[in-house]
Amino acid sequence: MPPIGLAPLREIARAIAAARDLDSTLDLIVHKTTEVMGVDSCTIYLLDPDGEALRLRASTGLARRAVGRAPLNIGEGLTGYAVQHNTPAFAREAQSDPRFKFVPEADEKQFTSLLAVPMISEQRPIGAMNVQTLGPHDYTPDEIELLALIGDLAAGALDKAALHDSMKRQLNELTAL
């Protein structure tokens with residue numbers, strides 16, 4: 001992975017600020033994070049409305065058919081663990097980690113390392129994001145902090161985008177009346 005400075009964080013912040021609706025915001029975040037962190041995959045799971053399960057909502061590197069499906073319960077896998085414990089979770093060889101949960105429809109067998117961070121907005125979890133590499137990788141404290149900061153920025157942007165989508169839906173319903 002490339003050395004980490006403030007420039008990648010600025011790139012992420014600019015990309016997030018440019019997005020409006022939820023889907024384009026999710027897409028921008030995973031693509032820009034993959035690029036600036038030099039990883040092979042970035043994935044965002046968001047909490048279902050009932051707050052019981054995380055659902056895959058955006059990814060670079062995982063099978064597209066899994067987006068919108070591929071659920072993880074809170075505490076399940078490294079990603080669910082990060083949300084349950086409100087702390088980053090990582091493994092050099094993720095599939096050997098006892099916390100790892102294989103999600104068959106995601107086609108993630110080719111990935112080795114995994115780093116997951118919770119996404120928190122207004123002191124409540126809204127989901128998690130993770131990055132993966134094809135080869136073994138020891139995540140540095142700077143890489144962990146960078147992904148945690150991206151997760152914090154993304155959580156606020158995703159809340160804003162969800163509100164934008166909701167307001168747009170309500171306006172369309174009122175216009176239809």
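Quick rundown of the values:
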| quantity | calculated |
| --- | --- |
| Residue ID - farthest from Lys101 (Cα to Cα), chosen from residues in region 31-85 that are hydroxyl-bearing (Ser, Thr, Tyr) and assigned to a strand (DSSP E or B) | Thr60 |
| Qualifying positions in region 115-145 - closer than 13 Å to Cys42 by Cα and more than 12 Å from the chain's Cα centre (by Cα) | Thr133, Leu134 |
| Among (1) without any contact (Cβ under 8 Å) to a residue 12 or more places away in the chain; (2) under 24 Å from Asp27 (Cα atoms), the one test that Ile74 misses | (1) |
| Conditions (1) open to solvent by less than 10 Å² (accessible area, probe 1.4 Å); (2) modelled with pLDDT of 95 or more; (3) not basic (Lys, Arg); number of the one not met by Ala106 | (2) |
| Residues (free of Cβ contacts under 8 Å to residues at least 60 places away in the same chain and either in a strand (DSSP E or B) or among the small types (Gly, Ala, Ser) (or both)) located in region 107-143 | Ser113, Leu114, Leu115, Ala116, Val117, Pro118, Ile120, Ser121, Arg124, Gly135 |
| Hits in region 30-43 (condition: among the hydroxyl-bearing types (Ser, Thr, Tyr) and surrounded by fewer than 23 Cβ atoms within 10 Å (Cβ to Cβ)) | Thr34, Ser41 |
| Unique residue being at pLDDT 85 or above, open to solvent by 70 Å² or more (accessible area, probe 1.4 Å) and at positive phi when the list is Asn86, Asn73 | Asn86 |
| Where a residue in region 10-23 is on the phi < 0 side of the Ramachandran plot and without any contact (Cβ under 8 Å) to a residue 40 or more places away in the chain and its partner, wherever it lies, is surrounded by 14 or more Cβ atoms within 10 Å (Cβ to Cβ) and among the hydrophobic types (A, V, I, L, M, F, W, C), with Cβ under 6 Å and at least six apart | Glu11/Val36; Ala15/Leu28 |
| Leu153 being open to solvent by 10 Å² or more (accessible area, probe 1.4 Å), over 18 Å from Thr60 (Cβ atoms), assigned to a helix (DSSP H, G or I) and not basic (Lys, Arg) | no |
| Of all residues making up region 8-29, the number that are under 17 Å from Ile126 (Cα atoms), surrounded by 14 or more Cβ atoms within 10 Å (Cβ to Cβ) and at pLDDT below 80 | 2 |
| Extreme residue, nearest to Ile120 (Cα to Cα), among residues of region 48-70 that are open to solvent by less than 50 Å² (accessible area, probe 1.4 Å) and in contact with a Lys or Arg (Cβ under 8 Å, 6 or more places away or on another chain) | Asp48 |
| Among the residues listed as Ala82, Ala70, Ala106, Ala17, the single one being of a type outside the set (Asp, Glu) and touching a Pro at 6+ places or on another chain (Cβ under 7 Å) | Ala82 |
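The values are calculated or read from the model by the stated rules, or taken from the named source; none is laboratory data. This one's a predicted model, so the numbers in the text were calculated from it and none came from an experiment. Positions of Cβ are backbone-derived with ideal geometry, glycine not excepted, and every protein chain shown enters the neighbour counts. Only protein heavy atoms, including side chains, enter the accessible area calculation; ligands, DNA and RNA are left aside. Shrake-Rupley method; radii C 1.70, N 1.55, O 1.52, S 1.80 Å.
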